[in-house]
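The values are calculated or read from the model by the stated rules, or taken from the named source; none is laboratory data. Predicted model, so just to flag it, every value in this text is computed and none were measured. Note that we place each Cβ from the backbone using ideal geometry, even for glycine, and neighbour counts take in every protein chain shown.
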């Protein structure tokens, strides 16, 4: 397990490069954390580091947002918070996203854990002291 500690958003921005080095060639990340822990904010910074062309917004209501990077990589940002059953996830085509080329970032992955392939990395985000964040690669 590798941990990163961030105190504020500017600090988060400078630490993303180290996080990207730590995940290496992994492109599939499942983000765990309580409501308000900073999953979406962290993913926004990852997308910025990856040079996403579009504005990155929360997919809470759309469930899936697709982004393109400057070098034509695809990023799927998925938020499963509003889904109630694994069948709901299957109905949105979750298996296609799980097996897609490019980056796949999933918030609230607990619902689909039985479907997650072995190449997914679990990322846990916790609120720490002074509103800082602890981000752990599990």
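Quick check on region 115-134. Is at least one of its residues within 23 Å of residue 63 (Cα to Cα), out of contact with any strand residue (DSSP E or B) (no Cβ under 9 Å at 6 or more places or on another chain) and modelled with pLDDT of 95 or more? Within region 115-134, one or more residues are within 23 Å of residue 63 (Cα to Cα), out of contact with any strand residue (DSSP E or B) (no Cβ under 9 Å at 6 or more places or on another chain) and modelled with pLDDT of 95 or more. Go through (1) over 13 Å from the mean Cα position of the chain (by Cα); (2) farther than 14 Å from residue 39 by Cβ; (3) surrounded by 15 or more Cβ atoms within 10 Å (Cβ to Cβ) for residue 126 and report which single condition fails. Going through (1) over 13 Å from the mean Cα position of the chain (by Cα); (2) farther than 14 Å from residue 39 by Cβ; (3) surrounded by 15 or more Cβ atoms within 10 Å (Cβ to Cβ) one by one, residue 126 breaks only (2). Considering only residues in region 53-79 that are in a strand (DSSP E or B) and touching a helix residue (DSSP H, G or I) at 6+ places or on another chain (Cβ under 9 Å), the one that is nearest to residue 126 (Cα to Cα) turns out to be 79. Looking only at region 101-114, residues that are at pLDDT 95 or above and farther than 23 Å from residue 2 by Cβ come to 3 in all.
Restricting region 90-108 to residues that are in contact with a helix residue (DSSP H, G or I) (Cβ under 9 Å, 6 or more places away or on another chain) and not in a strand (DSSP E or B), the residue that is nearest to residue 70 (Cα to Cα) is 98.
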